[in-house]
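In what follows, a single structure is set out as structure tokens and then discussed.
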Amino acid sequence: MSPPGLPASFPWLSVLIFSPLAAAVVVAVLRRERAVRWWTLAATLAVAAAAVPVLVGFDPGTPAFQFVEDRPWIPPLGLRYTLGVDGLSLVLVLLTVGILPLCVLASWRYITTRVREFMIGLLVMETAMVGVFCALDFVLFFLFWEAMLIPMALLIGVWGGPRKVYAALKFFIYTMAGSVFLLAAIIALYRQAGTWDLRALMGRELPLAFQVWVFLAFFLSFAIKVPMVPFHTWLPAAHVEAPTAGSVILASVLLKMGTYGFLRLSLPITPDATRLLAPHLCWLSVAAIVYGGLTALAQSDLKKLVAYSSVGHMGFATLGIFTLTRAGIEGAVLQMINHGITTGALFICVGLLYERLHTRELAAAAGVGRQVPVFAGFFGVFALSSMAFPGTNSFIGEFLALAGAFQFSLPVALAAVPGVVLAAAYMLRMLQRVAYGGPQNPDHTGVGDLNLREVLTLAPLLGLVFWIGLQPGPLVRLFAASVGHLLEQTAAGAPPLAAAP
Amino acid sequence: MNAFLTWLVLLAPAGAAVVITLTALRRPATAARWSIGAILVAFAASLVLFRAGATGETAVVWLDLPGLRVDFGLRLDPLSLLMLLVVTGVGSAIHIYSWGYMRGDPGLPRYFAGLSLFSFAMLGIVLATNLLQLFVFWELVGVSSYLLIGFWYERPAAADAAKKAFLTNRVGDFGFLLGIILVWSVLGTLNLAELSAKLRAAPPAWGAAATAAGLLVFCGAVGKSAQFPLHVWLPDAMEGPTPVSALIHAATMVAAGVYLLCRLFFLLNAPALEVIAWTGGLTALLAALLALQQNDIKRILAYSTLSQLGYMVMAVGLSGAGGHPAPAMYHLTTHAFFKALLFLAAGAVIHALHHEQDIWKMGGLARKLPVTFWTFLAGTLALCGAPPFSGFFSKDTILTLAWEREHYALLALGVGVAALTAFYMFRLVLVAFTGPAKSQAPDHAHEAPPVMTVPLVALAVPTLLAGFWGIDRGYARQYGAEAAAAHGWAAHLFEPFAHAPMAAWGGLLAAAAGFVAAWTLYRRAVSDPLPGLLGAPARWLRDRLYFDELYAALIAATQDLLARVVAAVDRWVLAAGLVRGTAGVFELTGRLLRHVHTGNLQTYALLLAAGAVVLLWWTLAR
């Protein structure tokens, strides 16, 4: 389990979770902005490096939780400090610790005021996000879950655009409202089952009516996070106002909390309710796919366009999950990772454009690609990835999700297809305007191409786009066993209880 | 089979594309050398493989997911070997020609990188061993086509045409992707050889899904081969450089749809084939009609390409269950030769006239551009199906097929299209190359340099002779059918008239009739007499029967409107109404409740008492 030279009980996950927090404490005492930037970059890179032993020591052959740490935390209440990862959470932890150094790099010049506080915010976010993915105690889970909200709202509200306070407030209240239902569900589960331990709650046979209530509470909370239509209106506002790094974290990691919640909690804890309601959720996902695509087509603000495309892409993830098939769930997990990579990269690209042109209007950016060919090349690849072009990462994920939908119900699969064509339409529209555009725009003279730091920010994501696109096997094998176990827990071998409406 | 050579065929153009992109973007000569060298290497390797008659499969594992294992492999069989020769052979001529045609263009390295990328993708389609791999290259072909149509992106027409081509293709491709998923979910494998074996061993394994899968796969071919109703992108794609039109939008990429149908012929059942035959026939007729009133030399050729693709697709459909689609591949091959020739010759004309493409501003070019004229004439004769040109034999096999299958409606349609073809092609030849010069432009025309004329002559050879090379027998071998070779070239020439005289004479006489009509109308014409003769229908044809307008209106009415409506709903109903509304209700409640907090002790006491009363009543009354 653990690499040689260290005791098997070495608390790797605690190190991953709390070292960003420790680094944040150091940031607080650093005086110079330059030092703050370099230190934060070094710290996030070190955290990413600390994930390597976890990856190496992880045994993908078993669905059991690994690197488990279990200590009493608040004994009178029965609360324990329980951590562990299985394949599902591991890949999301890797995504999180991998994306953060890029966020720091993307903020290098973008953030000029209160740099120290900003970097502290990023590091605290990292602690909370990794914590959510590792927590196995329900209260600990909820603690990290809520801990994400405040730094994120601050990142938007302090370093955001013109309507930052409105966006931050909307984000905060919206997700907070969702959390209330999650809390209610947690308490209800404790009263029913008498344990906070997620592992014990999975596979507990609960009465169907109770399951349905818990499922609905989970659903409200997670559907806001994903976000699923019609709970998505906080997303465009938050994305448009957030600074680049905020958008990247939001898109790459925070949206995954919703789908992770479905996979970690809804499916195994309320399997009967899941099977009962899955057809409706599939149709809701299809609605999100088509709705997100259509709305994205009508946007003239680059960030809004990418934000709405997120709604569509996450629709594929939820679609895959609720087909309750192996292909569908594997596709959904891949789609979660891929969306994190591709949409994160697109937000970085939009941020780079904004730094140069001080606008995100599609019309104003038209034709800038001629001045910045390297940027246009990166942008083109990420746009292709976003439209699920074969050979890029998103293709495999959407292919599997669609294949799952096919096994689940033909009408659902057919209804999801227009979304894929729409994705091509809006991405091509954006790419064409930005890369080729109309006549020469005088504002664009003297716009510089990417510098080394910016290339370094995007290059790892570009590598991942092609690596996952061409060789997804190693990644999928990490979580395949967990998906198989999840399917057993959900007993998806039995046909869904209700036919599609 | 020689695995090394096969990989070399595929990877040489890919290597060239990468090297040019990374190192030679500012060095045109280097870029051209890499690109042309790569395609020649691929051609040479293909020739060696073909001579050796190499067949077999080589593969590496690509995707190894639980429940889905897909190889990345190369498959050599008679079908792919011949297709390799077509792609690399015609490709070589066009690459070399490009070096002359595109000389001096500032984007030349980008052009050659795109051309090499396209060659790689097209060869990938030809060699693919499974459907997913095929789909990857299928889309890559779409992207390289997008990049090359939009090569002169500063022209809005080119940029729009590129986008239109890509999106129209994408519509068809999603049918194709659904078909792939359907095949996988029913049969559990994507490997072509395994699929074919499985279906041969147990045809009923398919069940009711057979027709659906066949038609979904056909959707992909409809997009890529520009069949009705997705035909609208191909004429617009002529905005790309002319050699691109020759390679991608005439000889190879658009033929990929036909190749796909022949590759997956075992998937198609009788009802699907019937639909395919009629789609092809209608496309052939529609495109031939539209070609009658076009005045742009490249667009006339584009519509003739559509029409010929319609023939090929019709041939696939006519092959019928139990038959084999060798006639379709035969026509694909000869068409690749003569249509590439026609486009390159048209490019030489355009080059000589400084980018004048309107045939009514040409005239008398035969004397100024002799090589171009004679090769163009050879291409025209082949296209019209005049013996002994290659097009005669391949078109005849298609008409014969319709005759043998007793599909007289499609036979009549095919013969009618042959007449139209001869008419519009000789309209083009007579107006552009003979008669008086219709503007100043032809006076200053000069023959193109050898780097352009040599490929023309090189392509004229198979245009004339390919009918005698037994290409149809080569394809028939793919489907396990051996046809006896006619002895001697003279016997071969007359064999069609003896074998199925109705088809052969019908096609020939129809072409002759078309020629006579064109000769009568256009020999001395300085303006088009047809609108005067036909009236309004001529205008309709010139305006392409308003398909583009119809689609634009449809898209505006559905997609754009829907997008706008949804965006408005999102903004006003969801965001403003429901979400802000919820917030508003809470806010209002808060404001109302605030009035309770008056700070007046008597009010509080009153409320307290009222509360106590309510509480008492509630507990006691129950």
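If only residues of region B:31-76 that are of a type in the set (S, T, N, Q) and without any contact (Cβ under 8 Å) to a residue 60 or more places away in the chain are counted, the one that is nearest to the other protein chains (Cβ to nearest Cβ) is B:Thr58. Working only within region A:142-194, note down all residues that are touching an Asp or Glu at 6+ places or on another chain (Cβ under 7 Å), within 14 Å of another protein chain (Cβ to nearest Cβ) and open to solvent by 50 Å² or more (accessible area, probe 1.4 Å). Once the filter is applied, which keeps residues that are touching an Asp or Glu at 6+ places or on another chain (Cβ under 7 Å), within 14 Å of another protein chain (Cβ to nearest Cβ) and open to solvent by 50 Å² or more (accessible area, probe 1.4 Å), region A:142-194 yields only A:Arg163.
Tell me, please, whether a residue that is acidic (Asp, Glu), more than 13 Å from B:Val316 (Cα to Cα) and in a helix (DSSP H, G or I) can be found in region B:291-301. No, that holds for no residue.
Evaluation of B:Gly590 against the conditions (1) within 14 Å of another protein chain (Cβ to nearest Cβ); (2) under 30 Å from A:Val311 (Cβ atoms) shows that the sole unmet condition is (2).
Note on region B:339-362: residues that are part of a loop (DSSP other than H, G, I, E, B), closer than 14 Å to B:Asn295 by Cβ and not aliphatic (A, V, I, L, M) total 2. Restricting to region A:199-248, and then to whatever is of a type in the set (Lys, Arg) and open to solvent by 10 Å² or more (accessible area, probe 1.4 Å), can you tell me which residue is modelled with the highest pLDDT? Ranking the candidates gives A:Arg199 first. With respect to the conditions (1) within 12 Å of another protein chain (Cβ to nearest Cβ); (2) surrounded by fewer than 16 Cβ atoms within 10 Å (Cβ to Cβ), A:Gly469 lacks only one, and its number is (2). Does B:Lys395 satisfy the criteria of being open to solvent by less than 30 Å² (accessible area, probe 1.4 Å) and charged (D, E, K, R)? It is true that B:Lys395 is open to solvent by less than 30 Å² (accessible area, probe 1.4 Å) and charged (D, E, K, R).
Residue-level check: of (1) within 12 Å of the chain's Cα centre (by Cα); (2) among the hydroxyl-bearing types (Ser, Thr, Tyr); (3) surrounded by fewer than 24 Cβ atoms within 10 Å (Cβ to Cβ), B:Thr211 misses just (1). If you go through region B:156-198 and keep only what is at negative phi and not in a helix (DSSP H, G or I), you end up with B:Thr189, B:Leu190, B:Asn191.
Of all residues in region B:43-70, those satisfying the criterion of being on the phi < 0 side of the Ramachandran plot and open to solvent by less than 40 Å² (accessible area, probe 1.4 Å) are B:Ala45, B:Ser46, B:Leu49, B:Ala54, B:Thr58, B:Trp62, B:Leu63, B:Leu65, B:Leu68, B:Val70. As an exercise: evaluate A:Pro63 against (1) under 22 Å from A:Arg199 (Cα atoms); (2) over 25 Å from the mean Cα position of the chain (by Cα); (3) of a type outside the set (Val, Ile, Thr) and give the number of the one condition it does not meet. Just one mismatch for A:Pro63, condition (2).
Annotation note: of A:Ala424, A:Ala459, A:Ala363, the sole residue that is within 11 Å of chain B (Cβ to nearest Cβ) and either farther than 30 Å from A:Arg326 by Cβ or at pLDDT 80 or above (or both) is A:Ala424. The lone criterion from (1) in contact with a strand residue (DSSP E or B) (Cβ under 7 Å, 6 or more places away or on another chain); (2) open to solvent by 10 Å² or more (accessible area, probe 1.4 Å); (3) among the aliphatic types (A, V, I, L, M) left unmet by A:Ala135 is number (2). Considering the conditions (1) under 30 Å from B:Leu285 (Cα atoms); (2) buried (at least 19 other Cβ atoms within 10 Å of the Cβ); (3) of a type outside the set (Gly, Ala, Ser); (4) more than 13 Å from chain A (Cβ to nearest Cβ), B:Leu230 is excluded by exactly one of them, (4). Taking the conditions exactly as written (within 14 Å of another protein chain (Cβ to nearest Cβ) and touching a strand residue (DSSP E or B) at 6+ places or on another chain (Cβ under 7 Å)), does B:Arg26 satisfy them or not? When the stated conditions are applied, B:Arg26 does not pass them.
Has region B:533-553 got any residue that is more than 14 Å from chain A (Cβ to nearest Cβ), in contact with a Pro (Cβ under 7 Å, 6 or more places away or on another chain) and either modelled with pLDDT of 75 or more or in a helix (DSSP H, G or I) (or both)? Yes, region B:533-553 contains at least one residue that is more than 14 Å from chain A (Cβ to nearest Cβ), in contact with a Pro (Cβ under 7 Å, 6 or more places away or on another chain) and either modelled with pLDDT of 75 or more or in a helix (DSSP H, G or I) (or both). Applying the set (1) in a helix (DSSP H, G or I); (2) at pLDDT below 90; (3) touching a Phe, Trp or Tyr at 6+ places or on another chain (Cβ under 8 Å); (4) within 14 Å of chain B (Cβ to nearest Cβ) to A:Glu355 leaves exactly one unmet item: (4).
Taken over region B:278-297, residues that are surrounded by fewer than 24 Cβ atoms within 10 Å (Cβ to Cβ) and over 18 Å from B:Ala419 (Cβ atoms) amount to 4.
Residues of region A:396-437 that are under 27 Å from B:Tyr146 (Cβ atoms) and not in a helix (DSSP H, G or I): A:Gly437 alone. B:Ile350 fails exactly one of the following numbered conditions: (1) among the hydrophobic types (A, V, I, L, M, F, W, C); (2) buried (at least 22 other Cβ atoms within 10 Å of the Cβ); (3) closer than 23 Å to B:Thr252 by Cβ. What is the number of that condition? Checking B:Ile350 against (1) among the hydrophobic types (A, V, I, L, M, F, W, C); (2) buried (at least 22 other Cβ atoms within 10 Å of the Cβ); (3) closer than 23 Å to B:Thr252 by Cβ, the one that fails is (2). The helices (runs of 4 or more DSSP H) located wholly in region B:428-505 that include 3 or more residues which are under 17 Å from B:Pro370 (Cβ atoms) and open to solvent by 40 Å² or more (accessible area, probe 1.4 Å) occupy B:450-465. Among the residues of region A:379-391, those identified as buried (at least 24 other Cβ atoms within 10 Å of the Cβ) and either more than 9 Å from every other protein chain (Cβ to nearest Cβ) or more than 25 Å from the chain's Cα centre (by Cα) (or both) are A:Phe379, A:Phe382, A:Ala383, A:Ser385, A:Ser386, A:Ala388. In this structure, is A:Phe406 open to solvent by 10 Å² or more (accessible area, probe 1.4 Å) and free of Cβ contacts under 8 Å to residues at least 40 places away in the same chain? So A:Phe406 passes the test.
The helices (runs of 4 or more DSSP H) found wholly in region B:1-113 and carrying at least 3 residues that are at pLDDT 85 or above, among the hydroxyl-bearing types (Ser, Thr, Tyr) and within 30 Å of B:Ile149 (Cα to Cα) occupy B:28-52, B:78-101.
Screening B:Gly220 against (1) open to solvent by 10 Å² or more (accessible area, probe 1.4 Å); (2) more than 9 Å from chain A (Cβ to nearest Cβ) leaves a single unmet condition, (1). Residues that are assigned to a loop (DSSP other than H, G, I, E, B), open to solvent by less than 10 Å² (accessible area, probe 1.4 Å), under 15 Å from B:Val222 (Cα atoms) and not basic (Lys, Arg) occur in region B:263-272; there is at least one.
The values are calculated or read from the model by the stated rules, or taken from the named source; none is laboratory data. These numbers were taken from a predicted model, which means no experiment stands behind them. Here Cβ is always computed from backbone atoms with ideal geometry, including for glycine, and neighbour counts include all displayed protein chains. Accessible surface areas use protein heavy atoms only, side chains included; no ligands, DNA or RNA. Shrake-Rupley method; radii C 1.70, N 1.55, O 1.52, S 1.80 Å.
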